[in-house]
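For reference, the structure discussed in these notes is given below.
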Amino acid sequence: MKKITIKVIYVMVTWFVLHVLITSLDGFIDEKQQVDLAVILGNKIENDGRPSDRLRYRLEKAVDLYKEGYFTYVLVSGGVGKEGYDEAQTMKQYLVQKGIPSDKIITDSMGLNTIMTAQNTKKIMDGMEAKSVMVITQFYHISRTKLAFYKSGFEDVYSAHADYFEVRDFYSLFREFFAYYKYLLFE
């Protein structure tokens, strides 16, 4: 019994480590292609109304890629957080201040989680007759985000990660292991 338990633990730890490595590689290696639309996933807005550092770096990545001509339209997605700010509206204001025209920014204030963002984006893009998308988020969130978009009917999903790392990301990588398989099996 002890040998079986050790083997099971070994297999589970190996599976976890491999998953974390693959998730990290997938997240850190940007798949930059010209696409119809970029989607920036929301994150915390600070109590003073500014995007958190994590969110600000996502937005900055989008600004850089927009200026490099990778996409024409940007969809910002996120709901109203406990701080009372609409993430999508705050993100749009930030992008406009950085030079992206307001009419090139689509807001999704009902993107309360990754699956909802993917589903909402699919409806919006179908109305625009757009096909390809680039998701912009933290590196550890890329694999699950792409999975959500594929499960929502997208064929061409590319990605770019925010150039931001903090110690908390180790916890996020751990959490993503379970979240990924939840999305894979139950969403």
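Would you check which residues across segment 74-84 are crowded, with 20+ Cβ neighbours inside 10 Å and either closer than 19 Å to K32 by Cα or not small (G, A, S) (or both) and list them?
The answer is V74, L75, V76.
Return a yes/no flag: does segment 78-87 have any residue that is in a helix (DSSP H, G or I) and either among the small types (G, A, S) or at pLDDT below 95 (or both).
Checked segment 78-87: no residue is in a helix (DSSP H, G or I) and either among the small types (G, A, S) or at pLDDT below 95 (or both).
Conditions: (1) in contact with an Asp or Glu (Cβ under 7 Å, 6 or more places away or on another chain); (2) modelled with pLDDT under 95; (3) among the β-branched types (V, I, T); (4) closer than 25 Å to Y181 by Cα. V8 meets all but one. Number of the miss?
Unmet condition: (1).
Would you call V96 part of a strand (DSSP E or B) and not basic (K, R)?
no
Considering only segment 142-187, state which residues are free of Cβ contacts under 8 Å to residues at least 12 places away in the same chain and of a type in the set (D, E, K, R).
Within segment 142-187, R168, R175, K182 meet the criteria.
Identify all residues within segment 109-160 that are part of a helix (DSSP H, G or I), basic (K, R) and over 11 Å from the mean Cα position of the chain (by Cα); write none if there are none.
If the condition is that a residue be part of a helix (DSSP H, G or I), basic (K, R) and over 11 Å from the mean Cα position of the chain (by Cα), then K122, K123, K151 are the ones that fit.
Filter segment 120-131 down to residues that are modelled with pLDDT of 95 or more, surrounded by fewer than 20 Cβ atoms within 10 Å (Cβ to Cβ) and not hydrophobic (A, V, I, L, M, F, W, C) and give me whichever is farthest from R175 (Cα to Cα).
Among those residues, the one meeting the criterion is K123.
Starting from segment 110-124, keep only residues that are farther than 14 Å from A38 by Cα, then list their pairs with residues that are hydroxyl-bearing (S, T, Y) and modelled with pLDDT of 95 or more whose Cβ atoms are within a distance under 6 Å, requiring at least 6 positions of separation or different chains.
G111/S77; G111/T117; T114/T145; Q119/S152
So if I check each of D64, D36, which one is surrounded by fewer than 16 Cβ atoms within 10 Å (Cβ to Cβ) and closer than 25 Å to T121 by Cα? Please lay out each step first, then the result.
Numbers: D36 fails: surrounded by fewer than 16 Cβ atoms within 10 Å (Cβ to Cβ).
Only one candidate qualifies: D64.
Quickly run through segment 164-183 and pick out the residues that are of a type outside the set (D, E, K, R) and either in contact with a Cys (Cβ under 8 Å, 6 or more places away or on another chain) or in a helix (DSSP H, G or I) (or both).
The answer is F170, Y171, S172, L173, F174, F177, F178, A179, Y180, Y181, Y183.
Can you name the condition, by its number, that E68 falls short on among (1) under 26 Å from E155 (Cβ atoms); (2) modelled with pLDDT under 95; (3) of a type in the set (D, E, K, R)?
Every listed condition holds for E68 apart from (2).
Can you list residue pairs whose Cβ atoms sit under 6 Å apart, with the first residue in segment 27-54 being assigned to a helix (DSSP H, G or I) and the second being of a type in the set (A, V, I, L, M)? Count only pairs 6 or more apart in sequence or on different chains.
If the second residue must be of a type in the set (A, V, I, L, M), the pairs left are G27/I142.
Would you check if T90 is in a strand (DSSP E or B), within 16 Å of I45 (Cα to Cα) and among the β-branched types (V, I, T)?
It is false that T90 is in a strand (DSSP E or B), within 16 Å of I45 (Cα to Cα) and among the β-branched types (V, I, T).
Which residue is farthest from N113 (Cα to Cα), if the candidates are limited to segment 57-95 and must be in contact (Cβ under 8 Å) with a residue 60 or more places away in the chain and among the basic types (K, R)?
Looking at residues that are in contact (Cβ under 8 Å) with a residue 60 or more places away in the chain and among the basic types (K, R), I get K61.
Given S143, S152, which one is of a type in the set (S, T, Y) and more than 20 Å from L173 (Cα to Cα)?
On the way: S143 fails: more than 20 Å from L173 (Cα to Cα).
Answer to the selection: S152.
The values are calculated or read from the model by the stated rules, or taken from the named source; none is laboratory data. Here the structure is a predicted model, which means the values were calculated and not measured. Positions of Cβ are backbone-derived with ideal geometry, glycine not excepted, and every protein chain shown enters the neighbour counts.
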